Amino acid sequence: MPLITEAVCVMTLISLWILLKSYTWRWSTTDENIYFYAALRFSEGLIPYRDFFFAHPPMHLVLPALCFKVFGFSITLAKLLPVGAVLATALLLFTTLRQYLGRLTAFFGLGSFLFAMELLQASTNLNGVNLTSFWLVLGTCLFLRQKAA
């Protein structure tokens, strides 16, 4: 499979996923609003567990707080964080599968990841699962690369 064909296939899968998920990129009444608020407060200098109650691990707030500190808070940015985490995870997964198991496996792995029911349900909600998946896949990729070197 030529590289251009591979890139088109990957971009097609990602574009279909974005199209499928685009209807959920809006304000919601879920508890992600608590996470947005906590990340905003953290970006303003308040410390979770000391200045306000937070029932999740701290890495759930670090990346959103850093983004809010740099770019300011906006609902668009807040809703793009889990989407970005999912897409980064998908691309890391694809490149790792491609390197170790081949192009066809990587393509099917990417499709299976993006269109899994749980991911489709949670991929635009900053509930921590998206960032956790990203850190887990990144750690696995780095471990495999270190082991191969």
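Quickly run through segment 74-93 and pick out the residues that are hydrophobic (A, V, I, L, M, F, W, C) and closer than 17 Å to residue 125 by Cβ. If you could, list the steps in order and put the result at the bottom.
In the first step, residues of segment 74-93 are kept if they are hydrophobic (A, V, I, L, M, F, W, C); the result is 75, 77-78, 80-81, 83, 85-88, 90-93.
75, 77, 78, 80, 81, 83, 85, 86, 87, 88, 90 - these are the residues of segment 74-93 that are hydrophobic (A, V, I, L, M, F, W, C) and closer than 17 Å to residue 125 by Cβ.
Among what's in segment 1-26 and is outside any helix (DSSP H, G or I) and in contact (Cβ under 8 Å) with a residue 40 or more places away in the chain, pick the residue that is farthest from residue 74 (Cα to Cα). Spell out how you get there, then give the answer.
Step one: of segment 1-26, the residues outside any helix (DSSP H, G or I) are 1-2, 25-26.
Keeping just the survivors that are in contact (Cβ under 8 Å) with a residue 40 or more places away in the chain gives 1, 25-26.
Numbers: 1: 42, 25: 13, 26: 12 Å.
Checking each candidate, the answer is 1.
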Check: Which one of 84, 109, 128 is under 30 Å from residue 3 (Cα atoms) and in contact with a helix residue (DSSP H, G or I) (Cβ under 6 Å, 6 or more places away or on another chain)?
Finding: 109
Next item on the list: Report, by residue number, each residue of segment 27-53 that is under 19 Å from residue 121 (Cα atoms) and part of a loop (DSSP other than H, G, I, E, B).
Entry: 27, 28, 29, 30, 31
Checklist line | Residue list for segment 42-52, restricted to those being surrounded by 12 or more Cβ atoms within 10 Å (Cβ to Cβ) and small (Gly, Ala, Ser) | finding: 43
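Taking segment 98-143 as the region of interest, how many residues are on the phi > 0 side of the Ramachandran plot and either part of a helix (DSSP H, G or I) or open to solvent by 80 Å² or more (accessible area, probe 1.4 Å) (or both)?
Quick first cut of segment 98-143, residues on the phi > 0 side of the Ramachandran plot only: 102, 128.
Checking which are either part of a helix (DSSP H, G or I) or open to solvent by 80 Å² or more (accessible area, probe 1.4 Å) (or both) leaves us with none.
Summing the residues that are on the phi > 0 side of the Ramachandran plot and either part of a helix (DSSP H, G or I) or open to solvent by 80 Å² or more (accessible area, probe 1.4 Å) (or both) in segment 98-143 gives 0.
Out of the residues in segment 54-97 that are assigned to a helix (DSSP H, G or I) and aromatic (Phe, Trp, Tyr), state the one that is nearest to the chain's Cα centre (by Cα).
Ranking the candidates gives 94 first.
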Notebook entry, point to check: Does segment 69-78 include one or more residues that are within 22 Å of residue 11 (Cβ to Cβ) and in contact with a helix residue (DSSP H, G or I) (Cβ under 7 Å, 6 or more places away or on another chain)?
Noted result: no
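Within segment 22-41, how many residues turn out to be crowded, with 18+ Cβ neighbours inside 10 Å and aromatic (Phe, Trp, Tyr)?
Just the residues of segment 22-41 that are crowded, with 18+ Cβ neighbours inside 10 Å, to begin with: 32, 35-36, 38-41.
Filter once more, keeping what is aromatic (Phe, Trp, Tyr): 35-36.
Going through segment 22-41 one residue at a time, the tally reaches 2.
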Next item on the list: Please find, among 86, 70, 62, the residue that is open to solvent by less than 30 Å² (accessible area, probe 1.4 Å) and either touching a Cys at 6+ places or on another chain (Cβ under 6 Å) or among the hydrophobic types (A, V, I, L, M, F, W, C) (or both).
Entry: 86
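The values are calculated or read from the model by the stated rules, or taken from the named source; none is laboratory data. Please read these numbers as outputs of a predicted model, since none were measured by experiment. A quick note on method: Cβ atoms are made from the backbone with ideal geometry, for glycine too, and the neighbour counts reach across all protein chains shown. With ligands, DNA and RNA removed, areas are computed over all heavy atoms of the protein, side chains included. Shrake-Rupley method; radii C 1.70, N 1.55, O 1.52, S 1.80 Å.
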